[in-house]
Amino acid sequence: MAFDKMELRDIEVWDGNFAAAQAMRQAQIDVVAAYPITPSTPIVEGYAQFLADGYIEGEFVMVESEHAAMSGCIGAAAAGGRVATATSSQGFALMVETLYQASGMRLPIVLNLVNRALASPLNVNGDHSDMYLGRDSGWIQFDAYSPQEAYDLNLIAFKVAEDHDIRLPAMVNQDGFLTSHTAQGLKPLSDDAAYAFVGEFKPMNDMLDFEHPVTHGVQTEEDWHFEHKARQHNDLMVKVLPKIKEVFADFEKISGRKYNLVEKYDMDDADICVVCMGSSVETAREVASEMRANGIKAGVVGIRVLRPIPFFEIIEALKDIKAIAALDRSSPNGAAGMLFNEIAGALFNTDSKALLSGYVYGLGGRDLTKAHLVALFKELQANADAGKITTQLQQFIGVRGPKLAYL
(Lines give C-alpha, C1' and ligand atoms only; values in the text may rest on other atoms or scores of the structure.)
Protein backbone atom coordinates (compact mmCIF):
# COMPACT_ATOMS: atom_id res chain seq x y z
CA MET A 1 0.00 0.00 0.00
CA ALA A 2 1.35 3.42 -0.94
CA PHE A 3 1.45 6.25 1.58
CA ASP A 4 1.61 10.01 1.18
CA LYS A 5 4.65 12.11 1.94
CA MET A 6 4.31 15.31 3.96
CA GLU A 7 5.80 18.53 2.67
CA LEU A 8 7.58 20.24 5.54
CA ARG A 9 8.89 23.79 5.81
CA ASP A 10 12.56 24.48 6.55
CA ILE A 11 11.46 25.63 10.01
CA GLU A 12 8.36 24.17 11.65
CA VAL A 13 6.81 25.24 14.97
CA TRP A 14 6.22 22.03 16.91
CA ASP A 15 6.05 21.10 20.55
CA GLY A 16 8.01 18.12 21.85
CA ASN A 17 5.10 15.71 21.54
CA PHE A 18 4.34 16.61 17.92
CA ALA A 19 8.04 16.50 17.10
CA ALA A 20 8.25 12.95 18.43
CA ALA A 21 5.11 11.95 16.52
CA GLN A 22 6.57 13.37 13.30
CA ALA A 23 9.79 11.40 13.79
CA MET A 24 7.74 8.23 14.30
CA ARG A 25 5.83 8.98 11.10
CA GLN A 26 9.02 9.52 9.14
CA ALA A 27 10.52 6.27 10.47
CA GLN A 28 7.45 4.47 9.05
CA ILE A 29 6.74 2.38 12.12
CA ASP A 30 4.89 -0.87 11.54
CA VAL A 31 3.06 -1.02 14.88
CA VAL A 32 2.23 1.39 17.69
CA ALA A 33 0.42 -0.21 20.64
CA ALA A 34 -0.56 2.46 23.14
CA TYR A 35 -2.74 3.55 26.03
CA PRO A 36 -3.02 7.33 26.47
CA ILE A 37 -1.74 9.15 29.55
CA THR A 38 -0.95 12.80 30.25
CA PRO A 39 1.35 14.39 29.11
CA SER A 40 2.43 11.90 26.41
CA THR A 41 -0.98 11.32 24.80
CA PRO A 42 -0.42 13.67 21.80
CA ILE A 43 2.49 11.51 20.58
CA VAL A 44 0.43 8.39 19.93
CA GLU A 45 -2.59 10.54 19.05
CA GLY A 46 -0.48 12.22 16.39
CA TYR A 47 0.69 8.89 15.01
CA ALA A 48 -2.92 7.67 14.84
CA GLN A 49 -3.92 10.82 12.95
CA PHE A 50 -1.06 10.40 10.48
CA LEU A 51 -2.16 6.80 9.95
CA ALA A 52 -5.79 7.83 9.40
CA ASP A 53 -4.69 10.52 6.93
CA GLY A 54 -2.70 8.05 4.83
CA TYR A 55 0.82 9.15 5.74
CA ILE A 56 1.77 5.80 7.29
CA GLU A 57 1.45 2.19 6.28
CA GLY A 58 1.19 0.65 9.74
CA GLU A 59 -1.07 -0.43 12.58
CA PHE A 60 -2.29 1.43 15.64
CA VAL A 61 -3.39 -0.96 18.39
CA MET A 62 -5.57 0.43 21.17
CA VAL A 63 -5.10 -1.58 24.35
CA GLU A 64 -6.51 -1.58 27.89
CA SER A 65 -3.46 -0.45 29.85
CA GLU A 66 0.16 0.58 29.58
CA HIS A 67 1.22 -2.92 30.60
CA ALA A 68 -0.74 -4.20 27.62
CA ALA A 69 0.74 -1.47 25.42
CA MET A 70 4.31 -2.63 25.98
CA SER A 71 3.19 -6.27 25.80
CA GLY A 72 1.71 -5.55 22.37
CA CYS A 73 4.91 -3.81 21.32
CA ILE A 74 6.93 -6.82 22.48
CA GLY A 75 4.79 -9.17 20.42
CA ALA A 76 4.98 -6.99 17.32
CA ALA A 77 8.75 -6.52 17.66
CA ALA A 78 9.32 -10.24 18.22
CA ALA A 79 7.31 -10.89 15.06
CA GLY A 80 9.71 -8.69 13.09
CA GLY A 81 8.26 -5.17 13.01
CA ARG A 82 9.53 -1.67 13.64
CA VAL A 83 7.69 -0.72 16.82
CA ALA A 84 7.28 2.30 19.10
CA THR A 85 5.00 3.77 21.76
CA ALA A 86 4.84 6.51 24.40
CA THR A 87 3.87 6.83 28.04
CA SER A 88 4.42 8.76 31.28
CA SER A 89 4.39 8.44 35.06
CA GLN A 90 1.92 5.87 36.44
CA GLY A 91 1.56 4.34 32.99
CA PHE A 92 5.29 3.84 32.86
CA ALA A 93 5.23 2.35 36.36
CA LEU A 94 2.61 -0.17 35.20
CA MET A 95 4.76 -0.89 32.15
CA VAL A 96 7.96 -1.55 34.11
CA GLU A 97 7.46 -5.33 34.40
CA THR A 98 7.43 -5.67 30.63
CA LEU A 99 10.46 -3.41 30.08
CA TYR A 100 12.72 -6.19 31.32
CA GLN A 101 11.08 -8.61 28.88
CA ALA A 102 11.80 -6.28 25.97
CA SER A 103 15.45 -5.76 26.86
CA GLY A 104 16.06 -9.40 27.79
CA MET A 105 14.62 -10.52 24.44
CA ARG A 106 16.77 -7.92 22.60
CA LEU A 107 13.80 -6.21 20.92
CA PRO A 108 14.61 -2.77 19.43
CA ILE A 109 11.45 -0.96 20.55
CA VAL A 110 11.53 2.84 20.88
CA LEU A 111 9.63 4.31 23.84
CA ASN A 112 8.96 8.02 24.20
CA LEU A 113 8.88 8.68 27.93
CA VAL A 114 7.41 12.11 28.63
CA ASN A 115 8.62 12.65 32.16
CA ARG A 116 6.03 13.23 34.87
CA ALA A 117 5.86 12.89 38.66
CA LEU A 118 4.83 9.60 40.24
CA ALA A 119 1.92 9.46 42.68
CA SER A 120 1.06 9.70 45.49
CA PRO A 121 0.01 12.54 45.70
CA LEU A 122 -1.30 12.54 42.13
CA ASN A 123 0.45 15.08 39.91
CA VAL A 124 0.36 15.49 36.13
CA ASN A 125 3.37 17.80 35.86
CA GLY A 126 6.94 17.00 34.99
CA ASP A 127 9.78 15.70 37.08
CA HIS A 128 12.19 12.82 36.52
CA SER A 129 10.67 10.20 38.82
CA ASP A 130 9.65 7.97 35.93
CA MET A 131 12.98 8.46 34.13
CA TYR A 132 14.82 7.29 37.23
CA LEU A 133 12.44 4.36 37.71
CA GLY A 134 13.52 2.79 34.42
CA ARG A 135 17.25 3.37 34.70
CA ASP A 136 18.25 -0.25 35.38
CA SER A 137 15.79 -1.93 33.01
CA GLY A 138 18.35 -2.67 30.29
CA TRP A 139 17.09 0.02 27.91
CA ILE A 140 19.26 2.59 26.19
CA GLN A 141 18.13 6.00 27.48
CA PHE A 142 18.45 9.36 25.74
CA ASP A 143 17.44 12.72 27.19
CA ALA A 144 16.05 15.59 25.10
CA TYR A 145 16.25 19.16 26.39
CA SER A 146 14.03 20.73 23.69
CA PRO A 147 11.47 19.82 20.98
CA GLN A 148 14.23 19.84 18.35
CA GLU A 149 16.13 17.25 20.36
CA ALA A 150 13.00 15.17 20.95
CA TYR A 151 12.64 14.96 17.16
CA ASP A 152 16.30 14.28 16.44
CA LEU A 153 16.80 11.72 19.21
CA ASN A 154 13.83 9.66 18.08
CA LEU A 155 15.41 9.18 14.67
CA ILE A 156 18.75 8.45 16.33
CA ALA A 157 17.14 5.98 18.75
CA PHE A 158 15.73 3.84 15.92
CA LYS A 159 19.06 3.71 14.14
CA VAL A 160 20.98 2.74 17.29
CA ALA A 161 18.46 0.25 18.68
CA GLU A 162 17.91 -1.60 15.40
CA ASP A 163 21.58 -2.08 14.58
CA HIS A 164 22.20 -5.84 14.52
CA ASP A 165 25.22 -5.46 16.81
CA ILE A 166 23.03 -3.72 19.41
CA ARG A 167 19.43 -4.98 19.26
CA LEU A 168 18.30 -3.34 22.48
CA PRO A 169 15.26 -1.13 23.15
CA ALA A 170 15.68 2.61 23.61
CA MET A 171 13.83 5.37 25.47
CA VAL A 172 13.75 9.04 24.55
CA ASN A 173 12.99 11.19 27.60
CA GLN A 174 11.62 14.73 27.49
CA ASP A 175 10.22 16.93 30.27
CA GLY A 176 6.45 16.81 30.63
CA PHE A 177 4.80 20.09 29.60
CA LEU A 178 8.06 22.06 29.76
CA THR A 179 9.21 20.33 26.56
CA SER A 180 6.26 18.19 25.48
CA HIS A 181 3.81 21.11 25.27
CA THR A 182 6.16 24.01 24.51
CA ALA A 183 6.16 24.95 20.83
CA GLN A 184 9.46 26.11 19.36
CA GLY A 185 10.90 26.57 15.92
CA LEU A 186 12.81 23.51 14.77
CA LYS A 187 14.39 22.23 11.60
CA PRO A 188 13.01 18.87 10.46
CA LEU A 189 14.53 16.60 7.86
CA SER A 190 12.56 15.84 4.73
CA ASP A 191 10.62 12.57 4.77
CA ASP A 192 13.07 11.00 2.34
CA ALA A 193 16.15 12.14 4.27
CA ALA A 194 14.76 11.03 7.63
CA TYR A 195 13.80 7.57 6.36
CA ALA A 196 17.13 7.17 4.58
CA PHE A 197 18.91 8.00 7.84
CA VAL A 198 16.92 5.53 9.91
CA GLY A 199 17.10 2.92 7.17
CA GLU A 200 14.85 0.10 6.11
CA PHE A 201 13.98 -2.17 9.00
CA LYS A 202 15.82 -5.48 8.87
CA PRO A 203 14.34 -8.13 11.17
CA MET A 204 16.60 -10.38 13.19
CA ASN A 205 15.53 -13.56 15.00
CA ASP A 206 11.89 -12.79 14.25
CA MET A 207 9.24 -15.36 15.11
CA LEU A 208 7.69 -15.24 11.64
CA ASP A 209 10.87 -16.41 9.92
CA PHE A 210 9.79 -20.05 9.75
CA GLU A 211 12.98 -21.09 7.97
CA HIS A 212 14.98 -20.10 11.05
CA PRO A 213 12.88 -20.93 14.12
CA VAL A 214 13.74 -19.16 17.38
CA THR A 215 12.49 -19.15 20.95
CA HIS A 216 11.64 -15.95 22.81
CA GLY A 217 11.12 -15.45 26.52
CA VAL A 218 12.85 -18.62 27.69
CA GLN A 219 13.34 -19.61 31.32
CA THR A 220 16.94 -19.93 32.50
CA GLU A 221 17.02 -20.17 36.32
CA GLU A 222 20.51 -20.47 37.83
CA ASP A 223 21.97 -22.38 34.88
CA TRP A 224 22.21 -19.45 32.42
CA HIS A 225 20.46 -16.40 33.89
CA PHE A 226 23.69 -14.86 35.19
CA GLU A 227 25.45 -15.32 31.84
CA HIS A 228 22.53 -13.82 29.94
CA LYS A 229 22.44 -10.70 32.12
CA ALA A 230 26.23 -10.37 32.15
CA ARG A 231 26.30 -10.48 28.35
CA GLN A 232 23.51 -7.93 28.12
CA HIS A 233 25.38 -5.61 30.50
CA ASN A 234 28.63 -6.16 28.58
CA ASP A 235 27.01 -5.21 25.29
CA LEU A 236 25.44 -2.11 26.84
CA MET A 237 28.76 -0.96 28.25
CA VAL A 238 31.07 -2.02 25.40
CA LYS A 239 29.06 -1.77 22.18
CA VAL A 240 26.31 0.78 22.72
CA LEU A 241 28.23 3.96 23.53
CA PRO A 242 30.55 3.66 20.48
CA LYS A 243 27.50 2.99 18.31
CA ILE A 244 25.70 6.03 19.70
CA LYS A 245 28.72 8.21 18.96
CA GLU A 246 28.86 6.80 15.43
CA VAL A 247 25.17 7.54 14.84
CA PHE A 248 25.54 11.02 16.36
CA ALA A 249 28.29 11.68 13.82
CA ASP A 250 26.15 10.37 10.95
CA PHE A 251 23.27 12.57 12.05
CA GLU A 252 25.48 15.65 12.20
CA LYS A 253 26.47 15.10 8.57
CA ILE A 254 22.87 15.33 7.35
CA SER A 255 21.48 17.87 9.84
CA GLY A 256 24.40 20.01 10.99
CA ARG A 257 23.35 19.32 14.59
CA LYS A 258 25.99 17.84 16.86
CA TYR A 259 25.22 15.62 19.83
CA ASN A 260 27.50 14.18 22.49
CA LEU A 261 27.09 11.57 25.21
CA VAL A 262 27.79 14.38 27.67
CA GLU A 263 27.09 17.97 26.62
CA LYS A 264 29.47 20.66 27.87
CA TYR A 265 28.72 24.38 27.97
CA ASP A 266 31.30 27.00 29.02
CA MET A 267 33.42 24.25 30.52
CA ASP A 268 36.84 25.01 28.99
CA ASP A 269 37.95 27.21 31.88
CA ALA A 270 35.17 26.63 34.41
CA ASP A 271 35.89 26.44 38.15
CA ILE A 272 32.36 25.45 39.13
CA CYS A 273 29.50 23.74 37.32
CA VAL A 274 26.08 22.17 37.61
CA VAL A 275 25.26 18.77 36.15
CA CYS A 276 21.64 18.33 35.14
CA MET A 277 19.21 16.92 32.58
CA GLY A 278 16.10 17.92 30.67
CA SER A 279 14.85 21.44 30.08
CA SER A 280 16.84 22.65 33.13
CA VAL A 281 20.00 22.49 31.03
CA GLU A 282 18.95 25.49 28.96
CA THR A 283 18.04 27.53 32.05
CA ALA A 284 21.33 26.65 33.72
CA ARG A 285 23.26 27.67 30.59
CA GLU A 286 21.65 31.12 30.59
CA VAL A 287 22.42 31.68 34.28
CA ALA A 288 26.00 30.41 33.89
CA SER A 289 26.58 33.03 31.19
CA GLU A 290 25.29 35.73 33.51
CA MET A 291 27.55 34.50 36.33
CA ARG A 292 30.55 34.75 34.01
CA ALA A 293 29.67 38.38 33.34
CA ASN A 294 30.06 38.85 37.10
CA GLY A 295 33.47 37.18 37.24
CA ILE A 296 32.39 33.67 38.30
CA LYS A 297 33.70 30.98 35.97
CA ALA A 298 30.52 28.86 35.81
CA GLY A 299 29.78 25.99 33.45
CA VAL A 300 27.05 23.45 32.76
CA VAL A 301 27.21 19.73 31.98
CA GLY A 302 24.15 18.04 30.50
CA ILE A 303 23.79 14.27 30.53
CA ARG A 304 22.56 13.30 27.06
CA VAL A 305 22.73 9.51 27.49
CA LEU A 306 21.66 8.21 30.90
CA ARG A 307 22.06 4.53 30.05
CA PRO A 308 24.60 3.25 29.45
CA ILE A 309 26.09 5.85 31.76
CA PRO A 310 29.06 7.46 29.97
CA PHE A 311 31.53 7.25 32.87
CA PHE A 312 34.66 8.29 31.02
CA GLU A 313 33.00 11.25 29.30
CA ILE A 314 31.69 12.43 32.69
CA ILE A 315 35.18 12.12 34.16
CA GLU A 316 36.68 14.09 31.27
CA ALA A 317 34.05 16.83 31.52
CA LEU A 318 34.58 17.33 35.25
CA LYS A 319 38.30 16.63 35.66
CA ASP A 320 39.39 20.22 36.40
CA ILE A 321 36.32 21.47 38.27
CA LYS A 322 36.63 22.70 41.86
CA ALA A 323 32.97 22.48 42.93
CA ILE A 324 30.09 20.57 41.32
CA ALA A 325 26.34 20.51 41.96
CA ALA A 326 24.36 17.48 40.81
CA LEU A 327 20.73 18.46 40.21
CA ASP A 328 18.21 15.65 40.75
CA ARG A 329 14.59 16.18 39.67
CA SER A 330 13.33 13.18 41.61
CA SER A 331 12.88 12.59 45.33
CA PRO A 332 15.65 10.27 46.54
CA ASN A 333 13.47 9.01 49.42
CA GLY A 334 16.17 8.38 51.97
CA ALA A 335 19.36 8.54 49.92
CA ALA A 336 21.52 10.89 47.94
CA GLY A 337 20.07 11.64 44.51
CA MET A 338 20.58 9.26 41.59
CA LEU A 339 22.56 11.76 39.52
CA PHE A 340 24.64 12.69 42.58
CA ASN A 341 25.51 9.02 43.04
CA GLU A 342 26.36 8.56 39.36
CA ILE A 343 28.71 11.56 39.40
CA ALA A 344 30.29 10.46 42.68
CA GLY A 345 30.78 6.95 41.33
CA ALA A 346 32.43 8.24 38.17
CA LEU A 347 34.85 10.54 40.01
CA PHE A 348 35.65 8.40 43.05
CA ASN A 349 38.74 6.59 41.75
CA THR A 350 40.14 9.51 39.79
CA ASP A 351 42.49 12.35 40.65
CA SER A 352 39.57 14.78 40.86
CA LYS A 353 39.50 16.93 43.99
CA ALA A 354 36.07 18.33 43.15
CA LEU A 355 33.65 19.16 45.93
CA LEU A 356 30.34 17.49 45.05
CA SER A 357 27.02 18.58 46.50
CA GLY A 358 23.48 17.48 45.65
CA TYR A 359 20.37 19.55 44.99
CA VAL A 360 16.82 18.19 44.65
CA TYR A 361 14.58 20.49 42.62
CA GLY A 362 11.46 20.82 40.51
CA LEU A 363 9.38 17.99 41.98
CA GLY A 364 5.85 17.84 40.62
CA GLY A 365 6.57 20.57 38.09
CA ARG A 366 7.86 23.21 40.53
CA ASP A 367 9.79 25.85 38.59
CA LEU A 368 13.55 26.04 38.71
CA THR A 369 14.06 29.81 38.50
CA LYS A 370 17.08 31.84 37.53
CA ALA A 371 17.17 33.17 41.09
CA HIS A 372 17.49 29.59 42.39
CA LEU A 373 20.43 28.96 40.10
CA VAL A 374 22.14 32.25 40.90
CA ALA A 375 22.07 31.31 44.59
CA LEU A 376 23.30 27.81 43.76
CA PHE A 377 26.25 29.07 41.70
CA LYS A 378 27.19 31.45 44.51
CA GLU A 379 27.18 28.54 46.98
CA LEU A 380 29.40 26.55 44.62
CA GLN A 381 31.81 29.47 44.37
CA ALA A 382 31.89 29.68 48.18
CA ASN A 383 32.72 25.96 48.30
CA ALA A 384 35.52 26.44 45.77
CA ASP A 385 36.93 29.43 47.64
CA ALA A 386 36.84 27.64 51.00
CA GLY A 387 38.14 24.34 49.66
CA LYS A 388 35.32 22.51 51.42
CA ILE A 389 31.53 22.12 51.37
CA THR A 390 30.10 25.17 53.15
CA THR A 391 26.48 23.94 53.26
CA GLN A 392 24.89 20.61 54.01
CA LEU A 393 25.59 18.05 51.32
CA GLN A 394 22.02 17.69 50.04
CA GLN A 395 19.56 20.56 49.71
CA PHE A 396 16.03 20.99 48.39
CA ILE A 397 15.61 23.98 46.04
CA GLY A 398 12.41 26.01 46.15
CA VAL A 399 10.47 23.93 48.67
CA ARG A 400 7.87 25.90 50.67
CA GLY A 401 8.27 26.19 54.42
CA PRO A 402 11.49 25.70 56.37
CA LYS A 403 14.64 25.07 54.35
CA LEU A 404 15.33 21.34 53.98
CA ALA A 405 18.90 20.10 53.88
CA TYR A 406 20.50 16.79 54.85
CA LEU A 407 23.74 14.85 55.17
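Of all residues in the range 139-147, none are outside any loop (DSSP other than H, G, I, E, B), open to solvent by 10 Å² or more (accessible area, probe 1.4 Å) and of a type outside the set (Gly, Ala, Ser). Scanning the range 375-398 for residues that are of a type in the set (Val, Ile, Thr), touching a residue at least 12 places away in the same chain (Cβ under 8 Å) and either surrounded by fewer than 19 Cβ atoms within 10 Å (Cβ to Cβ) or over 21 Å from Ser331 (Cα atoms) (or both) yields Ile389, Thr391. Of the residues making up the range 24-46, those that are within 14 Å of Val114 (Cβ to Cβ) and not in a strand (DSSP E or B) number 13. Residue selection: Ala84 satisfies the criterion of being under 25 Å from His128 (Cβ atoms) and in a strand (DSSP E or B). There is at least one residue in the range 346-355 that is assigned to a helix (DSSP H, G or I), open to solvent by less than 30 Å² (accessible area, probe 1.4 Å) and under 20 Å from Ala284 (Cβ atoms). For His372, the conditions (1) open to solvent by 40 Å² or more (accessible area, probe 1.4 Å); (2) part of a loop (DSSP other than H, G, I, E, B) all hold with the exception of (2). Residues in the range 356-366 that are part of a loop (DSSP other than H, G, I, E, B) and in contact with a helix residue (DSSP H, G or I) (Cβ under 9 Å, 6 or more places away or on another chain): Tyr361, Gly362. Looking at this structure, is Arg285 among the charged types (D, E, K, R), closer than 27 Å to Ser180 by Cβ and in contact with a strand residue (DSSP E or B) (Cβ under 7 Å, 6 or more places away or on another chain)? Against the criterion (among the charged types (D, E, K, R), closer than 27 Å to Ser180 by Cβ and in contact with a strand residue (DSSP E or B) (Cβ under 7 Å, 6 or more places away or on another chain)), Arg285 qualifies.
For the range 318-345, what are the residues that are open to solvent by less than 10 Å² (accessible area, probe 1.4 Å) and in a helix (DSSP H, G or I)? Scanning the range 318-345 gives Leu318, Leu339, Ile343.
What pairs can you find where one residue is in the range 220-231 and in the same structural domain as Gln101 (by TED's automatic domain parsing), the other is among the acidic types (Asp, Glu), and their Cβ atoms are less than 9 Å apart, with a gap of 6+ or different chains? Here the result reads Thr220/Glu227, each pair linking the range 220-231 to a residue that is among the acidic types (Asp, Glu).
Scanning the range 214-273 for residues that are open to solvent by 90 Å² or more (accessible area, probe 1.4 Å), in a loop (DSSP other than H, G, I, E, B) and of a type in the set (D, E, K, R) yields a total of 2. Among the residues making up the range 27-56, a single one is closer than 25 Å to Gly256 by Cβ and under 20 Å from the mean Cα position of the chain (by Cα): Ala27.
For the range 274-306, the candidate set comprises residues that are basic (Lys, Arg) and in a loop (DSSP other than H, G, I, E, B); within that set, the residue that is nearest to Leu363 (Cα to Cα) is Arg304.
Scanning the range 277-287 turns up one or more residues that are open to solvent by 30 Å² or more (accessible area, probe 1.4 Å), touching a residue at least 60 places away in the same chain (Cβ under 8 Å), outside the structural domain of Ala157 (by TED's automatic domain parsing) and not charged (D, E, K, R). Filter the range 9-29 down to residues that are open to solvent by less than 40 Å² (accessible area, probe 1.4 Å) and among the aliphatic types (A, V, I, L, M) and give me whichever is farthest from Gly185 (Cα to Cα). Top of the filtered list is Ile29. Pairs meeting the criteria (first residue in the range 51-69 and closer than 15 Å to Asp191 by Cβ, second residue at pLDDT 95 or above and assigned to a helix (DSSP H, G or I), beta carbons under 7 Å, at least 6 apart or on different chains) are Tyr55/Arg25; Ile56/Arg25; Ile56/Phe50; Gly58/Leu51. If you go through the range 91-115 and pick out every residue that is out of contact with any strand residue (DSSP E or B) (no Cβ under 7 Å at 6 or more places or on another chain) and not in a helix (DSSP H, G or I), you end up with 4. Looking at Leu122, Leu113, Leu133, just one residue is open to solvent by 10 Å² or more (accessible area, probe 1.4 Å) and under 13 Å from the mean Cα position of the chain (by Cα), and that residue is Leu133.
The values are calculated or read from the model by the stated rules, or taken from the named source; none is laboratory data. The model shown is predicted, which means the values in this text are computed figures rather than measured ones. Cβ: placed from backbone, ideal geometry, glycine included. Neighbour counts: every protein chain shown. Surface accessibility is based on the protein's heavy atoms, side chains included, excluding ligands, DNA and RNA. Shrake-Rupley method; radii C 1.70, N 1.55, O 1.52, S 1.80 Å.
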